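Following: one structure in structure tokens, then a few remarks.
The values are calculated or read from the model by the stated rules, or taken from the named source; none is laboratory data. Computed from a prediction, not measured in an experiment: that's the story for all the values here. As a convention, Cβ positions derive from the backbone with ideal geometry for all residues, glycine included, and neighbour counts pool all protein chains shown.
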Amino acid sequence: MIAAAALVVFLLMRHRLHSFRPIVVPKTPGEIAYERIAGLERRNLLAQGKVKEYFSALSDIIRRYIEARFNIQAPEMTTEEFLNSLKSNPSIDTKHKETLKKFLLLSDMVKFAKYGPDVTEVKESLELAKQFIRETTVQEPAPVPKTQS
């Protein structure tokens, strides 16, 4: 009898252990973009003189963030096509459109026109990217405190 009870307890415990699945909260597009930027910074491409590769990667991070956050197929568009599509897109406000334009045009100059940005422009491009993500990330509403009756 004790052996049967022990077997039942064992089987119940095993079932509970196997049926437990941790809850995985998906990362937001902003969190993913920040992680990718941190990874880019760890690669230390600028110190290696790989400025074009750095700007290509940073531009790609921003374009993928835009795709995930705003459902705009930014990675598949040229900068000109993308900026033209933004003109009639109400999901990104004018201030952020200007930030994007400034960032993407500098990135294109480095990637395609062999422009060598100075240290200030490199830092500014990274800050523009982070600022855009920070200012356009959807914030979860704060929980409403329960009132006592």
>> With the requirement that a residue be in contact (Cβ under 8 Å) with a residue 40 or more places away in the chain and of a type in the set (Lys, Arg), what does region 33-66 give you?
In response: LYS52
>> Being farther than 25 Å from VAL138 by Cβ and in contact (Cβ under 8 Å) with a residue 60 or more places away in the chain is true for just one of PRO117, PRO29. Which residue is that?
In response: PRO117
> So ILE32 clears everything in (1) assigned to a helix (DSSP H, G or I); (2) surrounded by 10 or more Cβ atoms within 10 Å (Cβ to Cβ); (3) aliphatic (A, V, I, L, M); (4) at pLDDT below 90 except one condition, right? Which one?
Replying inline: (4)
> Which residue out of ALA57, ALA74 is under 23 Å from ALA113 (Cα atoms), touching a helix residue (DSSP H, G or I) at 6+ places or on another chain (Cβ under 8 Å) and either modelled with pLDDT under 90 or acidic (Asp, Glu) (or both)?
Replying inline: ALA74
> Among the residues of region 77-89 satisfying the criterion of being outside any helix (DSSP H, G or I) and modelled with pLDDT under 90, which is surrounded by the fewest Cβ atoms within 10 Å (Cβ to Cβ)?
Replying inline: SER88
> ALA129 is checked against (1) surrounded by 14 or more Cβ atoms within 10 Å (Cβ to Cβ); (2) modelled with pLDDT under 90 and fails just one. What number does that condition carry?
Replying inline: (2)
>> Suppose we filter LYS111, LYS95 for residues that are surrounded by 15 or more Cβ atoms within 10 Å (Cβ to Cβ), part of a helix (DSSP H, G or I) and charged (D, E, K, R); which single one remains?
In response: LYS111
